[in-house]
Amino acid sequence: MISRLHYITQDLTHIPHWEQAQRACEGSADWVQLRVKTQEESQWLETALRTQEVCKSFGAKLIVNDNPHIAAKIQSEGLHLGKQDMSPLEARQIVGEKMIIGGTANTLQDMLKHVASGTVQYIGLGPLRFTDTKKNLSPIVGLEGYKRILSQFRTLGHNLPVVGIGGVKADDIEALLEVGLHGVAVSSLVNLAENPSAVTQELLSLLNLAVSEK
């Protein structure tokens with residue numbers, strides 16, 4: 001089951017990844033993507049293990065971003081691959097058949113490549129708007145872009161869950177689910193909030209409400 005709220009950690013100087021995960025899980029997040037960009041492999045492994053410990057204590061899934069070797073080593077529930085990362089087929093050979101693999105997309109063509117790989121369980125499509133969280137940002141998709149791309153994707157007969165990512169705000173959730181997204185991914189919206197747990201709970205409530213009204 002692919003969660004509707006994908007919470008993503010980020011490199012912050014004052015709050016380690018596992019503490020970020022703890023705060024989100026206290027707000028009932030059940031899907032934590034560990035996104036490490038500035039650590040050596042050994043430090044990354046330690047961070048992954050500590051974050052995994054937090055996730056297990058809350059019954060949340062841990063998804064490792066970009067690093068199939070660490071995902072395989074700690075046997076996380078999932079792996080998320082960016083556009084510039086290893087191909088899903090190569091990653092599948094490293095992590096095995098059971099692990100969830102998600103992939104980032106910016107266009108319909110990107111999405112179709114993920115489908116063709118036969119090994120991706122969900123797609124993160126974006127960005128919705130400009131975001132400071134990610135360097136080398138892909139072209140903005142926007143709400144109309146989501147509507148057009150998802151319509152074409154479904155018309156072609158594909159039903160992989162697609163999650164909106166990149167600058168998503170609470171006010172966007174209803175409209176994003178209306179155009180066919182399965183859910184949303186958020187990072188700074190939670191991590192930089194005064195009360196990350198409360199924001200996480202609010203997002204989950206909005207998602208549940210939007211789903212019930214579809």
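For the reader, a short list of remarks on this structure follows.
- Candidate lysines - alpha carbon under 25 Å from residue 73, same-chain residues fewer than 8 apart omitted: 37, 56, 61, 83, 98
- Charge-dipole axis of the chain as Lys and Arg at +1 and Asp and Glu at -1 on Cβ define it, positive-most pick from 45, 29, 69: 69
- When each of 171, 11, 66 is scored by the number of other beta-carbon atoms lying within 10 Å, the sequence from fewest to most is 171, 11, 66.
- Evaluated with a Cβ-only charge set (Lys, Arg +1; Asp, Glu -1), segment 5-212 carries a dipole of roughly 500 debye about its Cα centre, given to the nearest 20.
- Residues 203, 89, 137, sorted so that the one with the fewest Cβ neighbours within 10 Å comes first: 89, 137, 203
- Long-range HN-HN contacts of residue 64 with modeled amide H, under 5 Å: 34, 78, 79, 80
- Sparsely packed trypsin sites (Lys or Arg not before Pro) within segment 77-183, loop by DSSP, other Cβ within 10 Å at most 15: 83, 98, 129, 135, 169
- Compactness relative to 2.2 N^0.38 Å, alpha carbon Rg of the chain: 0.95
- DSSP-loop GluC sites (Glu not before Pro) across segment 27-69, with at most 12 other Cβ within 10 angstrom: 40
- Additional length obtainable on full extension of the chain from residue 121 to residue 169, 0.36 nm per residue less Cα span: 14.8 nm
- Backbone HN-Hα couplings from phi across segment 71-80 [Karplus 6.51/-1.76/1.60, Hz, Gly and Pro as x]: 4, 5, 5, 9, 6, 5, 5, x, 9, 10
- Footprinting exposure proxy for 42, 3, 117 (fewest neighbouring C-beta atoms within 10 Å first): 42, 117, 3
- In segment 5-212, the DSSP beta bridges split such that about 0 percent are antiparallel, to the nearest 5.
- Net length gained if the chain between residue 89 and residue 40 were fully extended (0.36 nm per residue, minus Cα distance): 15.2 nm
Every number in this text was worked out from the coordinates using simple rules, so none of it is lab data. Since we're looking at a predicted model, the values are computed, not measured. Methodologically, a virtual Cβ is constructed for each residue, glycine included, from the backbone with ideal geometry; neighbour enumeration extends over all protein chains shown.
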